[in-house]
Amino acid sequence: MPKKRKYYETGFRLDRKEKEALRAKGLYVYSRRDNGKESTIEPNVAVDFMGTLVTNFPIPFRKRGPTAYVIYQGDSYLNSRNAQRVYDVKDLSRTRKKKGGGR
């Protein structure tokens, strides 16, 4: 069974070392941009930055065309992927402990 898709959002930028540390744990780091009604998800954002998105799953971006490297309607995208929001980045990498024990 595949792991549950989860994401964590901040209202601030992470520096390079923070991003590298998260990626070293197998997590993915993206940026959110305010575009009016709903925010986008992008690999990096300079203008209209809204926050950082950290996920335990990769987000595939189109590499060509007018929507290259942009997921419009980011909230709807996360909902369509059944991604669960968590409120601590540590919750992205936690695995459920099996009941019982045994040897």
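Values for this structure:
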quantity: Within the range 1-25, tally of residues that are touching a helix residue (DSSP H, G or I) at 6+ places or on another chain (Cβ under 9 Å) and not β-branched (Val, Ile, Thr); calculated: 7
quantity: Identity of the residue in the range 25-36, assigned to a loop (DSSP other than H, G, I, E, B) and surrounded by 14 or more Cβ atoms within 10 Å (Cβ to Cβ), that ends up modelled with the lowest pLDDT; calculated: 35
quantity: Qualifying position, being in contact (Cβ under 8 Å) with a residue 12 or more places away in the chain and out of contact with any Leu (no Cβ under 8 Å at 6 or more places or on another chain), among 31, 39; calculated: 39
quantity: So residue 43, is it out of contact with any His (no Cβ under 9 Å at 6 or more places or on another chain) and closer than 18 Å to residue 82 by Cα; calculated: no
quantity: Output for the range 62-84, where each listed residue is assigned to a loop (DSSP other than H, G, I, E, B) and touching a strand residue (DSSP E or B) at 6+ places or on another chain (Cβ under 7 Å); calculated: 69, 70, 72, 83
quantity: Unmet criterion (only one of (1) surrounded by 11 or more Cβ atoms within 10 Å (Cβ to Cβ); (2) under 23 Å from residue 93 (Cα atoms)) for residue 17; calculated: (1)
quantity: Unique match (being closer than 18 Å to residue 3 by Cβ, of a type in the set (Ser, Thr, Tyr) and modelled with pLDDT under 95) among 93, 80, 39; calculated: 93
quantity: The range 44-62 - residue that is within 10 Å of the chain's Cα centre (by Cα) and without any contact (Cβ under 8 Å) to a residue 40 or more places away in the chain and, of those, farthest from residue 77 (Cα to Cα); calculated: 58
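The values are calculated or read from the model by the stated rules, or taken from the named source; none is laboratory data. Just so we're clear, the structure is a prediction, and the values are computed from it rather than from any experiment. We place every Cβ from the backbone using ideal geometry, glycine too, and count neighbours over all the protein chains shown.
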